[in-house]
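Chemist: Can you read through this structure? Questions will come right after.
The values are calculated or read from the model by the stated rules, or taken from the named source; none is laboratory data. Because the structure is predicted, anything quoted here is derived from the model rather than measured. Backbone-built Cβ (ideal geometry, glycine too); neighbour counts: all protein chains shown.
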Amino acid sequence: MNQTTDCLIVGGGLIGMLTAREMVAAGLAVTIIEKGCVGGESSWAGGGILSPLYPWQYPLETTVLASWSQSHYPQLAEELIAGTGIDPEWTQCGLLMLDVDEAEQALSWAQDHHQSLQMVDAEKSLQLEPGLGCPPAAALWMPQIAQVRNPRLIKSLKCDLMGRSVTLRENEEVLELLCQDGRVTGVRTDRGKVSAPLVVAAGGAWSAALLKGVGQEVKIEPVRGQMLLYKAQPGVVHRMVMQHGHYLIPRRDGHVLVGSTVEYVGFDKSITSTARNELQKAALMMMPKLEAYPLIAHWAGLRPGNRNGLPLIGPVPGVQGLFINSGHFRNGVVLGLGSARLVSDLMLERTAMIVDPEPYRITGEQAVMQ
């Protein structure tokens, strides 16, 4: 089956779906090809915290892109609810961090970037989160941090894209990129060819393999993250709570998500008892009352890891019309909106861009031409 489209996006995760939404809004015919179900990999598996964890540890460019996305998520949620009736549950419940080892760095970062962050004592921490097991003498509180519920966000985005006549080709594998005279012409899949003058590699952890076929090796690798889910009651946990890299995320219906591990094990999505024990221990240390509620799910996802901390967004060198939007590691949700707008600005050659695109481009440090 052959098809022609204006813009072809390889990868139907959150990044690919948000990119498709930008491009179809600009008047292009858009097709997404996804090897499984749209949103079925790391987009579904993640927690949905709309902030990098310990954001002061990241490059400036992460803060810039995250800030743009954070400010636009409420509008996206409203549009999705109005257009699809499916609420992605954007919820501004704040983030309480029980680590203060880097308090000076965190407060300086917040002042420099006009972020709301304050140090609170144990009494204030208990006011914010009464169920804390052992509140530290000091904690860091970011009241403006919100979350979304990933599976609902994916479901509403899929419905939204179908309503905008985006073609979704699921359970179809892209076998190779097609190029002629130095420019991309489309892809070959296990069902045939799809022709397009613009192609975006948005395949998450699988993006590196796709680009390798055109002689471009990018440093994106799968990083397993395991998660747990407790079935609690609304109000058992009020805020997102984080300590020693683990976190609790309370959903509106009372479920509490616990995350997450960081494991370099290739494309292995199996779950382990070691991770379950680690996450349970962390959860009960932060919130002992969770022990009274059943643990109902344990799963794993593969993040697209990029060791320098920045996603790759922009044109692929040497192949005109080919772009990448991948390598977001643990920050795909919070950076997704900004990433989609930036790559769309570049593809459409719009001069007014939301951020300077240079830091996100493929460079010699991020890739090696074969």
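Chemist: Filter the range 191-207 down to residues that are assigned to a strand (DSSP E or B) and on the phi > 0 side of the Ramachandran plot, then give me how many there are.
Modeler: Residues in the range 191-207 being assigned to a strand (DSSP E or B) and on the phi > 0 side of the Ramachandran plot: 1 in total.
Chemist: A further question follows. So in the range 225-244, with the set limited to residues that are assigned to a loop (DSSP other than H, G, I, E, B) and in contact with a Gly (Cβ under 9 Å, 6 or more places away or on another chain), which one is nearest to L98 (Cα to Cα)?
Modeler: Step by step, filter the range 225-244, then rank; the result is R239.
Chemist: Among the residues of the range 11-20, is any surrounded by 19 or more Cβ atoms within 10 Å (Cβ to Cβ) and over 15 Å from the mean Cα position of the chain (by Cα)?
Modeler: Within the range 11-20, one or more residues are surrounded by 19 or more Cβ atoms within 10 Å (Cβ to Cβ) and over 15 Å from the mean Cα position of the chain (by Cα).
Chemist: Under the condition of being in contact with a strand residue (DSSP E or B) (Cβ under 8 Å, 6 or more places away or on another chain) and within 20 Å of M242 (Cβ to Cβ), which residue from the range 262-277 is surrounded by the fewest Cβ atoms within 10 Å (Cβ to Cβ)?
Modeler: Per the stated criteria, the residue is V262.
Chemist: If we only count strands (runs of 3 or more DSSP E) wholly inside the range 92-190, which ones have 1 or more residues that are over 30 Å from A20 (Cβ atoms)?
Modeler: Correct list: 95-97, 118-121, 138-142.
Quick grid of which residues meet (1) surrounded by fewer than 23 Cβ atoms within 10 Å (Cβ to Cβ); (2) at pLDDT below 95:
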| site | (1), (2) |
| --- | --- |
| K289 | yes, no |
| N308 | yes, yes |
| L312 | no, no |
| G321 | yes, no |
| H328 | no, no |
| V333 | no, no |
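Chemist: Among the residues of the range 234-257, is any over 25 Å from the mean Cα position of the chain (by Cα) and loosely packed, with under 13 Cβ neighbours inside 10 Å?
Modeler: yes
Chemist: What is the one condition in (1) without any contact (Cβ under 8 Å) to a residue 24 or more places away in the chain; (2) within 20 Å of the chain's Cα centre (by Cα) that K281 does not satisfy?
Modeler: The one condition K281 does not meet is (2).
Chemist: Quick check on G40: is it part of a loop (DSSP other than H, G, I, E, B), surrounded by 16 or more Cβ atoms within 10 Å (Cβ to Cβ) and in contact with a strand residue (DSSP E or B) (Cβ under 6 Å, 6 or more places away or on another chain)?
Modeler: Here the answer is no, as G40 does not meet what is asked.
Chemist: Return the pairs, sorted by first residue and then second, in which the second residue is crowded, with 18+ Cβ neighbours inside 10 Å, the first residue lies in the range 77-92 and is polar (S, T, N, Q), the beta carbons are less than 7 Å apart, and the residues are 6+ apart or on different chains.
Modeler: T84/S156; T84/D160; T91/A146; T91/Q147; Q92/A146
Chemist: Would you mind stating whether L60 is exposed (fewer than 14 other Cβ atoms within 10 Å of the Cβ) and among the aliphatic types (A, V, I, L, M)?
Modeler: yes
Chemist: How about the range 37-51: which of its residues are over 22 Å from G163 (Cβ atoms) and either at pLDDT below 95 or small (G, A, S) (or both)?
Modeler: E41, S42, A45, G46, G47, G48, S51, listed by residue number.
Chemist: Next question. If we keep just the residues of the range 135-167 that are within 30 Å of V214 (Cβ to Cβ) and within 20 Å of the chain's Cα centre (by Cα), which is surrounded by the fewest Cβ atoms within 10 Å (Cβ to Cβ)?
Modeler: The qualifying residue surrounded by the fewest Cβ atoms within 10 Å (Cβ to Cβ) is K158.
Chemist: Identify all residues within the range 229-250 that are touching a Lys or Arg at 6+ places or on another chain (Cβ under 8 Å) and either at pLDDT below 95 or closer than 23 Å to F329 by Cα (or both); write none if there are none.
Modeler: Correct list: P250 only.
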